[in-house]
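Take a look at the structure below.
The values are calculated or read from the model by the stated rules, or taken from the named source; none is laboratory data. Since we're looking at a predicted model, the values are computed, not measured. Note that each Cβ is placed from the backbone with ideal geometry, even for glycine, and that neighbours are counted across all protein chains shown. Surface areas here come from the heavy atoms of the whole protein model, side chains and all, with no ligands, DNA or RNA. Shrake-Rupley method; radii C 1.70, N 1.55, O 1.52, S 1.80 Å.
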Amino acid sequence: MPQVNPGTVVLLILVGIGAAWAAGLFRPHYEDGRLTLRVLRAGRVLATFDFRNTGLLLVLALLMGWTVAAAVERSGPGWGVPGTDGRLVPALAMTTVLGWIFIVAGFSRLGYLLASLAAAIVSLLVFTPSPLTSPRVSLAALLKWLQTLPDQTTLLLLMGLILMFALTGLWTSWWIFRRRGGLVALLPTGTILAVEIINDVGPALVVLTVVWLAAAASVLLRLNFVALKEGWRTRRLPHAADIGWTFGEVGIEAIIAILAVAFLILPPLSSTDISGVLIPGVVHADAFHPFGIGSGNGSQSGSIGSVGYSETVRPGSQLTAKSKTLMTVSGDSPTFYPYWRGIALAGWNGIQWYELPSTQDVPVRQQPLLNAHETLPRDDLPPLQRIQVLHNTFHLLVPPEQLLNTVFSGGEIMSVDNQPTRVRGIMTSVRTPLNGPNPALVNVIGDSAPTASFDTVDKIVFAKRLQAPYTYTVTEAIPNVDVQDLQAAGTDYPAWLAPYTILYQDGQVADGGRDKEIADLAQLIVRGATTPYDKAKAIESWFIEKGRFTYTLTPPKAPLGVRPIDNFLFNTQKGFCQDFSTAMNVMLRMLGIPSRQMAGFSAGILDDKTRQHFVNAIEAHSWVEVFFPGYGWIPFEPTPDGTNAPINRPQTPDQLLAAAPVPADTGSTITPNESAGAAPTSGGSGGGIFPDIWRPVLLVAGGLLLLLLIAILLAFRWLRVARDVPRIWRRLLFLGDRLKIPRHVGDTPEEFGGRLAASLPPLDDEVRRLATLYTRASFRQGGLTVDELAEARNAWSRVRGSYPRLVARAWRDALGEGRVLRAEDAASGSRARSRRR
């Protein structure tokens, strides 16, 4: 059975309608906003469509729907539903248009309900990925798909979203086009957008929110005017032909002004997190401005930029975090792991580190739900006699969404004691993985398959949304090993370590890089070292040797065509944690030593009284871990920042036994550290006394220039659209007010026009003639003749040429010197000023 293509179906329907019309099967007739279809030539009415006052409303309804559906499709990890991209927007648009058609066709309430149910079902069938939308459809495949559907949680959620948006479109059409209830029509899209704002931290959501607000305000404005017109029509009241333009001009100007004030001028109201009191678990604890103004950072988004932590490690970027305490950690202090790890990154493309996608060679898996207190199934932990088991309690001072829902720990997590989690890592025991960025699910609750173990774990996040207060406890393992054991660990690496030993996945080699020179440099550094541990320590010591590199939060940008890592190593020798850890990692892999890039936070400040670690946003950090057979992942610190230091392990087993656990205190004062995933900025400062104000200043200036351009274009249009006498007269009244021409109660148009004409000698005849024609248009039965209208337009064309100059000079004089320009001087171009009033 061939695939059913929606576009083909629509095209066939249009062709069929065109053929029926050409054959004379029906006869359309359009008049005064109504389309009537008559059967054959007998004249029997088949259907009537009333399109009056619906065109603009349909565009606005589609615009509102697009913003909400696009916001959900673009939701970030941890909130968005996989597979929504490209499905929600057309589903909502289709049902909105169908609902509009049902209304203009005059369907009754029952008819609209039945047709809406059919439209919702059709949209669900068309946009749900199923055998019906596959190239080959068979009854057996459809039955099998239906049988497995109850177990496909993600697909069921996607179907629910499609159905919800389909019903939203039908609801919006009913209340806009039939009931004229604007506020009720906005409820579904407004509610969805509000939930999206609470759960999503993406910066694109701000733009979509602005568009929705403008569209929603325009819908209310248009419905109000439509209601007025219908009332006038019912009561047979006359109204000016251009009143719709005036109504729209005022409303649009008000909307633009409100949005401009809200998003360009007003600063954030507060930078204090009160959201947890109002709505538990909301995202926007930081004040976030849509253009980065007043947010205190220059990151790509308010949450990531302000907290420093990110799942992207990109050398060559600059710090964008601001000082802010993010969490406190209490419990056991790790002796040989002074970090709070967040994510392990294994993929390197020459520019940045990334999470490995699941392939046949690299089978990445995800356990969607690991219950609280349940032991994480993993095989990469050393034997119990070689680890130190710790228990730490993390209390987050910001919503977990700002930290990407990451479960932080002081070592390899064994269990999370009070929160369900989701685990991601390499698992070779389960074959036939799904290729792509989304790993195949394993250990799904309810499956009959035995529990499979991870070879290594790269990331653990919360499976459900945390409620305030945000507290969780982890049980974790720290390798407890001495230098002699690490030197004797050997190189008997398991097969799953292959992605951590090669530089580029799938044989990809970055073009234009200096990898050969980096490899030669690595060989030179480790010359004389015989074990992987000695080589790793040699590279670590080379980077932290005094005088070789300069630690800076604002490293110079790489020239065009030069990779940041090459620029760091061979040109500037200036950088911070991302640069140092990346360079060490690349060197290790070139030597065949398995390593990975870590992102998280340094240990923070230890309070002597409470024995709590206070972790600040500027302590976000990136470091290196190297794998040693029998001992697992061991951290190394190549960044000479003066805060994080290399870990000095005992040399022998006896010294290891004698070493008492010492709390990892990093100092008594907060030192600006670095962002593990700071987004690149055009000129961030990061830790200076004076903040970088040029970016917000330029943004404000650019916004104001944009508003000025819009105002000029609107003013030009305001002058150009005046083609009838009532509009022309309103422009003359506006000009008279600017020139301070007195207007008295009871004035006739010709009396005021005479005073205005007397103040404008070069335009005397034109102004007086326009006043006379306006009087005739307002009071003479039948209005103006065609010749008189042409005469009025010609006179206005001559006045319009001097209009901007007259208004500009009047405003300049009034605002600049506190004086009012005399009308006669304005007309003649004289610079004489009037007496001070």
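Couple of notes before you dig in:
- Top-ranked residue in the stretch 59-74 [being under 12 Å from residue 92 (Cα atoms) and open to solvent by 30 Å² or more (accessible area, probe 1.4 Å); ranked as farthest from the chain's Cα centre (by Cα)]: 62
- Close contacts from the stretch 475-489, counting a first residue that is touching a residue at least 60 places away in the same chain (Cβ under 8 Å) and open to solvent by less than 10 Å² (accessible area, probe 1.4 Å) and a second that is among the small types (Gly, Ala, Ser) and part of a strand (DSSP E or B), with Cβ to Cβ under 7 Å and a gap of 6+ residues or different chains, come to 476/409.
- Of all residues in the stretch 544-568, those satisfying the criterion of being at pLDDT below 85 and either over 16 Å from residue 350 (Cβ atoms) or charged (D, E, K, R) (or both) are 553, 554.
- Filtering 14, 98 for residues that are at pLDDT below 80, of a type in the set (A, V, I, L, M, F, W, C) and more than 22 Å from the chain's Cα centre (by Cα) leaves a single hit, 14.
- Verdict on residue 642 being without any contact (Cβ under 8 Å) to a residue 12 or more places away in the chain and open to solvent by 10 Å² or more (accessible area, probe 1.4 Å): no
Here is a yes/no grid of residues against (1) under 56 Å from the mean Cα position of the chain (by Cα); (2) in contact (Cβ under 8 Å) with a residue 60 or more places away in the chain:
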{"residue": "720", "(1), (2)": "yes, no"}
{"residue": "740", "(1), (2)": "yes, yes"}
{"residue": "748", "(1), (2)": "no, no"}
{"residue": "770", "(1), (2)": "yes, no"}
{"residue": "781", "(1), (2)": "no, no"}
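- Some residue of the stretch 583-593 being under 21 Å from residue 485 (Cα atoms) and part of a strand (DSSP E or B): no
- Inter-residue pairs, beta-carbon under 6 Å, first in contact (Cβ under 8 Å) with a residue 60 or more places away in the chain and assigned to a helix (DSSP H, G or I) and in the stretch 99-121, second surrounded by 13 or more Cβ atoms within 10 Å (Cβ to Cβ) and of a type in the set (D, E, K, R), 6+ apart: 103/178; 104/50
- Residues being farther than 15 Å from residue 367 by Cβ, small (Gly, Ala, Ser) and outside any strand (DSSP E or B) - total across the stretch 400-432: 2
- Which listed residue is assigned to a loop (DSSP other than H, G, I, E, B), over 30 Å from residue 575 (Cβ atoms), open to solvent by less than 80 Å² (accessible area, probe 1.4 Å) and modelled with pLDDT of 85 or more, from 726, 742: 742
- For the stretch 452-474, residues that are assigned to a strand (DSSP E or B) and either under 23 Å from residue 596 (Cα atoms) or open to solvent by less than 30 Å² (accessible area, probe 1.4 Å) (or both) total 11.
- Some residue of the stretch 757-767 being assigned to a loop (DSSP other than H, G, I, E, B), surrounded by fewer than 16 Cβ atoms within 10 Å (Cβ to Cβ) and modelled with pLDDT of 85 or more: no
- Taken across the stretch 505-524, residues that are modelled with pLDDT of 90 or more and in a loop (DSSP other than H, G, I, E, B) do not occur at all.
- The residues of the stretch 595-609 that are in a loop (DSSP other than H, G, I, E, B) and either in contact with a Cys (Cβ under 7 Å, 6 or more places away or on another chain) or crowded, with 24+ Cβ neighbours inside 10 Å (or both), listed by number, are 603, 604.
- Flag if residue 449 is open to solvent by 50 Å² or more (accessible area, probe 1.4 Å), of a type outside the set (Phe, Trp, Tyr) and free of Cβ contacts under 8 Å to residues at least 40 places away in the same chain: yes
- Of the listed requirements (1) in contact with a helix residue (DSSP H, G or I) (Cβ under 9 Å, 6 or more places away or on another chain); (2) at pLDDT 90 or above; (3) closer than 30 Å to residue 388 by Cα, residue 480 misses just one: (2).
- Candidate set: the stretch 317-352, residues that are more than 27 Å from residue 391 (Cα to Cα), outside any strand (DSSP E or B) and of a type outside the set (A, V, I, L, M); chosen: the one modelled with the lowest pLDDT: 320
- Candidate set: the stretch 610-627, residues that are touching a Phe, Trp or Tyr at 6+ places or on another chain (Cβ under 7 Å) and of a type in the set (A, V, I, L, M, F, W, C); chosen: the one surrounded by the fewest Cβ atoms within 10 Å (Cβ to Cβ): 627
- From 750, 788, residue being at pLDDT 85 or above, open to solvent by 40 Å² or more (accessible area, probe 1.4 Å) and out of contact with any Asp or Glu (no Cβ under 9 Å at 6 or more places or on another chain): 750
- Output for the stretch 516-548, where each listed residue is open to solvent by 70 Å² or more (accessible area, probe 1.4 Å) and on the phi < 0 side of the Ramachandran plot: 516, 517, 520, 523, 524, 527, 530, 545, 546, 548
- Taken over the stretch 610-654, the residue count meeting the criterion of being farther than 25 Å from residue 404 by Cβ, among the charged types (D, E, K, R) and part of a loop (DSSP other than H, G, I, E, B) is 2.
- Listed by first and then second residue, the pairs linking a residue in the stretch 359-379 that is more than 20 Å from residue 473 (Cα to Cα) and touching a residue at least 60 places away in the same chain (Cβ under 8 Å) to a residue that is part of a strand (DSSP E or B) and open to solvent by 40 Å² or more (accessible area, probe 1.4 Å), with Cβ atoms under 7 Å apart and 6 or more places separating them unless they lie on different chains, are 366/422; 366/441.
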